[in-house]
1. Within the stretch 276-286, can one find any residue that is touching a Lys or Arg at 6+ places or on another chain (Cβ under 8 Å), exposed (fewer than 12 other Cβ atoms within 10 Å of the Cβ) and assigned to a strand (DSSP E or B)?
2. Can you give me the number of residues within the stretch 148-161 that are closer than 17 Å to residue 218 by Cα and surrounded by fewer than 16 Cβ atoms within 10 Å (Cβ to Cβ)?
3. Going through the stretch 235-252 one residue at a time, which ones are surrounded by 10 or more Cβ atoms within 10 Å (Cβ to Cβ) and without any contact (Cβ under 8 Å) to a residue 40 or more places away in the chain?
4. Give 42, 53 a once-over and let me know the one that is at pLDDT 90 or above, on the phi < 0 side of the Ramachandran plot and surrounded by fewer than 19 Cβ atoms within 10 Å (Cβ to Cβ).
5. Condition first: polar (S, T, N, Q) and either within 30 Å of the chain's Cα centre (by Cα) or buried (at least 16 other Cβ atoms within 10 Å of the Cβ) (or both). Can you find one or more residues in the stretch 114-132 that meet it?
6. What number goes with the only condition from (1) among the acidic types (Asp, Glu); (2) in a helix (DSSP H, G or I); (3) within 26 Å of residue 79 (Cβ to Cβ) that residue 134 does not pass?
7. Which of the residues that make up the stretch 52-71 are assigned to a strand (DSSP E or B) and within 17 Å of residue 157 (Cα to Cα)?
Amino acid sequence: MIKQLSQQEIDAAFQNNKQKPDTPIVKFDFRRPDRIPKSQIRAIHLVHDTFVRNLVSSLSVYLRSYLTVNQVSVEQLSYGEFLDGLPSPTCIVSLGLSPYDGSGTLELNPTLVFPILEMVLGGSGQSPVSSRREITEIEQKLLDGLFRIILHDLREAWKAVTAVDFTIESMETDPQSLHLLATNEAVVSIGIEVRIGDAVGMMNIAMPSIVIKMMRQKFDQQWSVRKSRASEAEQSRMLRVLRHGSAALEARMEGPTITVRDLLDLCEGHLLTFDYPVERPVELLVNGAHKFTGQVVSTGKKRACLLEKIGPCPGQGRMSDDSGGSASPG
């Protein structure tokens, strides 16, 4: 049964609506597909962190020069917005994403391409080159080795989520001529800054959001497991970073304790006994934290500590001891 509102009820509803505080209005673009979750964006960021670290080593060997690579951004936008943000002319390639349907995009700024070409041909990469001209067909062929390295490191990084075979399908110099997707179709854009000497340029990667959504189950199942276990390469890198660090190591004989009341009652003539049984282990502290247990030994004319166990001894490391200390008149 449909109830019809009277004019008084309609006026009352509008009056109540006016009395409510204004709420912010959020624009919604119905031409765009639903955005992918922020958790997936963060996972993509972590994937390309691995890609960036691998690329630094690979390109340093290939170009025989020191360089730095930094991930600048990971964001979702329309394909038209992605193309509008690229310089023209530039070096842009279409990427196959087998076994997934669809194509991605990889772009290298001219400010980065021409110094690399000079270094590939034996130069220093420091000569001034006009970045406003298009790349010739010969120069495109010279870039094959560079793209092989980039795509290899990209495949290895994405193995943490799923196997993606990145392949080059075509190469263009004008971004607007690469009509892979509709201009309003959503893509995930990854911006990476590459610095070689004085030359600085951007590498931009775009993958269709619909392809990323197809990998959602892979992210949920595999990435959550893999990210908790560092690879051997990652462990080696962390050890190299920590190798030159320093830590304070302290062997401490923690004997009996007394209460604050007894401490305040101490006066001249009292005798404190600090007994420490020989069989009681010695606690080793690393930066103030109990990490090892051992015994006091002699090595030549010096005292040392023989490690017997990793971790504190049960019952050790507390600020009280049931054995108690003694404070008696001497």
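The values are calculated or read from the model by the stated rules, or taken from the named source; none is laboratory data. Worth saying up front: this structure is predicted, and the values here are computed from it rather than measured. All Cβ positions, even for glycine, are placed from backbone atoms using ideal geometry, and neighbour counts span all protein chains on display.
1. For the stretch 276-286, residues touching a Lys or Arg at 6+ places or on another chain (Cβ under 8 Å), exposed (fewer than 12 other Cβ atoms within 10 Å of the Cβ) and assigned to a strand (DSSP E or B): absent.
2. The total comes to 3.
3. Correct list: 235, 236, 238, 249, 250, 252.
4. After ruling out the rest, the residue left standing is 53.
5. Scanning the stretch 114-132, I find at least one residue that is polar (S, T, N, Q) and either within 30 Å of the chain's Cα centre (by Cα) or buried (at least 16 other Cβ atoms within 10 Å of the Cβ) (or both), so the answer is yes.
6. Of everything listed in (1) among the acidic types (Asp, Glu); (2) in a helix (DSSP H, G or I); (3) within 26 Å of residue 79 (Cβ to Cβ), residue 134 misses just condition (2).
7. Hits for the stretch 52-71 are 69, 70, 71.
For (1) at pLDDT below 85; (2) assigned by TED's automatic domain parsing to the domain that holds residue 86; (3) farther than 22 Å from residue 159 by Cα; (4) acidic (Asp, Glu), each residue gets a yes or a no:
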position: 110; (1), (2), (3), (4): no, yes, yes, no
position: 113; (1), (2), (3), (4): no, yes, yes, no
position: 126; (1), (2), (3), (4): yes, yes, yes, no
position: 130; (1), (2), (3), (4): yes, yes, yes, no
position: 139; (1), (2), (3), (4): no, yes, yes, yes
position: 143; (1), (2), (3), (4): no, yes, yes, no
